[in-house]
Amino acid sequence: MNKMPDAARLKVDIKDILYKYIAVESFSSTANEHGAEEFWKQEVGEVPYFKANPDNWGLYAIPDDYLDRNVLWAMVKGKGSKTVVCIHHYDVVPIEDFQSIKEYAFKPEELKAKLLEAADTFAEDVAKDLKEDTFTFGRGACDMKGGGSIQLALLRQYSEDPDFEGNMIVIGVPDEENLSAGMRGAIGLLNQLKEKYGLEYKFMFNSEPHQRKDFSRGMFSMGSIGKLMPFVYVRGFLAHAGKSFEGLNPVGVMGDIVSATELNMDLADTAVGESAPGPTWLYLKDSKVSYDVSMPLYMYGCLSVLTLVQTPQELLEKIRVICEDCFGKTLDRMNAAYARYLKNLGQPEAKLPWKNNVKTFGAIYAQACSEDPAFEPAYKEFNEELQKQFLAGTLSIIDYNCKLVDYVFDRISTNDPTVIYGLVPPYYPHVANLQYEAEDPWYKEFYAELGKFSEEQFGLPYDMEYFYTGISDLSYIQMKNAGEVRKALADSTPLFGGVYDVPLEGIEAVSMPVMNIGPWGKDFHKMTERVNTEDLLVRTPAILHKAITDVLCK
């Protein structure tokens, strides 16, 4: 049994680490994230254990990263091969909402004083937390440098134990708030360490903050919700608005598809008594850049679907069925309107020429390749130009994807109205410990022991959920059937394998059970972002230590 850390020292260390970590203005997807690397060199590099063992910590370069960012890591190598991995992200969201007090966003004490001056202008819960001084405020204090500071403080004490049982790795990653390039890159590091040291990965703990519906009860998450982003591109047939039956307006087709999918609970998973929320559209636009009296040529949009069990293949099949059904209904409605129009003119009944035509991105890409030998090199050149714009920050990943689809459609030998569907990054696989629980009853006993420990030590019961609903980097640590998933993503995702990739096979090689044990936080991404101080300094460190010890000493 690994010895209990010094609780009084933990409180001091966590606060000290957190304030220095917060001071790093590591805005997501910017060069500012490199500031965390300097923090890591100071915070880890000065620990006596890591001075004596320089191969046990460092910076791991994220392959092909456009900002040359690094994964931060440190490992206490103890006895045996059993290993736990603790992860956190060090990037933070912008501070525009701080308005006139931006200069205090990364200074918890000064920020709290400034917010207190205006406490009565905030919501009741915010004002209460300010006046009672029970929370630590600051950008990143909650999401999620608080959790990272707990992990580092524990690691520091473990490094002083010559009889430490097992191994503990702490990993800090960038880009969680964007495309999770950090965690996707960290998979290479984990495989490298596994091979070099013969590690046996037993558990990964994240320390994302948890929210509470009932403030008297905490929350453990034994997994993380997944996310897929289907896109739909509707190519119409352009006509003057005064000749509406001579064209096909893509707005009508897309409107039906949006209506059929927005908050459609048939697309929302349920599992182990939990449910994903209904899907929602995040982006929708037409092809016009200025006003004229023509119909738009195309409509494009993407839908966010959170998943608990369904695969990319299964979701794409549902999208296909919906698109075909909606296109068919649109055509029926158009033909009914056309019949009335002809009747009004006293002309004989006729049908419009349009057919129900729904295709995957992979299908139109294959068609373009088969019809034109010059297509593939031309597509590659076009893609490279778009990639430069994307990496320069002048083109969003959504517009990048749309331009590729539009380019391919223009190169096939048809201009018939068509619905094209597929996936756009990011892809977050859902993860949960259900398979591990089915194989070994210890896991449920482990969860129960943690809950019992918290209630006995702190009088605070913890509820259990299988899926952390905030979306997290834990998504990239469990994988089955990587080859099948890769094929499905490659066939449906224009950007997959190029500017965006997921190391599916690498994930499968290091897959392990997961759990989120983090402090109680409120108002993520808001000016009033805050973490409960008692949870940060006392409860969560003790619970996380208990979890790590139970796993390593099992």
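Figures for the structure shown
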{"quantity": "Accessible-area ranking of Thr307, Thr533, largest first, probe 1.4 Å", "calculated": "Thr533, Thr307"}
{"quantity": "Region 200-240 and region 445-517: distance between their alpha carbon centers, rounded to Å", "calculated": "10 Å"}
{"quantity": "Average accessible surface area per residue within region 201-355, 1.4 Å rolling probe, Å²", "calculated": "47 Å²"}
{"quantity": "Kirkwood-type radius of region 87-160, with distances r between different C-alpha atoms, in Å", "calculated": "13.8 Å"}
{"quantity": "Over the chain - Rg/Rh using Cα atoms and the Kirkwood inverse-distance radius", "calculated": "1.03"}
{"quantity": "Computed [θ] at 222 nm, deg cm²/dmol, the chain (DSSP H ≥ 4; -39,500 (n - 2.57); rounded to nearest 500)", "calculated": "-13000 deg cm²/dmol"}
{"quantity": "Alpha-carbon centroids, region 366-436 and region 89-115: separation in whole Å", "calculated": "38 Å"}
{"quantity": "Accessible surface, 1.4 Å probe, highest first, among residues Met183, Met4", "calculated": "Met4, Met183"}
{"quantity": "Region 141-245: proportion of alpha-carbon pairs further apart than 15 angstrom, %", "calculated": "79 percent"}
{"quantity": "Integer Hz, Karplus 6.51/-1.76/1.60 couplings in order for region 525-535, x for Gly and Pro", "calculated": "6, 10, 4, 8, 3, 7, 10, 5, 5, 5, 5"}
{"quantity": "Distant-in-sequence amide H partners of Gly218 (H built 1.01 Å from N, under 5 Å)", "calculated": "Tyr462, Asp463"}
{"quantity": "Per-residue HN-Hα couplings for region 50-67 [Karplus 6.51, -1.76, 1.60; θ = phi - 60°; Hz; x = Gly/Pro]", "calculated": "7, 5, 7, 10, x, 7, 9, 7, x, 10, 10, 5, 6, x, 6, 7, 5, 10"}
{"quantity": "Coil-residue chymotrypsin sites (Phe, Trp or Tyr not before Pro) of region 195-256, DSSP, other Cβ within 10 Å capped at 15", "calculated": "Phe215"}
{"quantity": "5 angstrom amide H check on Ile87, placed H, neighbours 5+ away", "calculated": "Ile171, Phe205, Asn206, Ser207"}
{"quantity": "Alpha carbon centroid spacing (whole Å) that separates region 268-283 from region 137-189", "calculated": "29 Å"}
{"quantity": "Diffusion constant of region 5-159 at 25 °C, which comes from Stokes-Einstein with the Kirkwood Cα-pair radius and 0.890 mPa s, µm²/s", "calculated": "143 µm²/s"}
{"quantity": "Mean separation of Cα contacts under 8 Å (6+ apart) over length of region 220-313, as relative contact order %", "calculated": "39 percent"}
{"quantity": "Calculated from backbone phi, Karplus (6.51, -1.76, 1.60) coupling profile of region 100-115 in Hz, x at Gly/Pro", "calculated": "7, 10, 4, 5, 9, 4, 10, 10, x, 5, 5, 5, 4, 4, 5, 5"}
{"quantity": "Range in the chain, longest, excluding exposed GluC sites (Glu not before Pro) [loop by DSSP; at most 14 other beta-carbon atoms within 10 Å]", "calculated": "350-554"}
{"quantity": "Value of relative contact order over region 34-173, rounded to a whole percent, pairs C-alpha under 8 Å and six or more apart", "calculated": "37 percent"}
{"quantity": "Apportionment of accessible area to carbon and sulfur, the chain, percent (1.4 Å)", "calculated": "51 percent"}
{"quantity": "Solvent-accessible heavy-atom area per residue, rounded to whole Å², over region 1-84 at 1.4 Å", "calculated": "48 Å²"}
{"quantity": "The chain - percent relative contact order, Cα under 8 Å, separation 6 or more", "calculated": "22 percent"}
{"quantity": "Per principal axis, descending, Cα span of region 336-408 in whole Å", "calculated": "58, 31, 17"}
{"quantity": "Solution diffusion estimate, µm²/s, Stokes-Einstein, region 30-79, Kirkwood Rh from C-alpha pairs, 25 °C, viscosity 0.890 mPa s", "calculated": "209 µm²/s"}
{"quantity": "Proportion of all alpha-carbon pairs of region 262-385 beyond 20 Å (%)", "calculated": "67 percent"}
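The values are calculated or read from the model by the stated rules, or taken from the named source; none is laboratory data. From a predicted model like this one, the values you see are computed outputs, not experimental measurements. When we count neighbours, we look across all protein chains shown, and the Cβ atoms used for this are built from the backbone with ideal geometry, even at glycine. The area values use the complete protein model at the heavy-atom level, side chains included, leaving out ligands, DNA and RNA. Shrake-Rupley method; radii C 1.70, N 1.55, O 1.52, S 1.80 Å.
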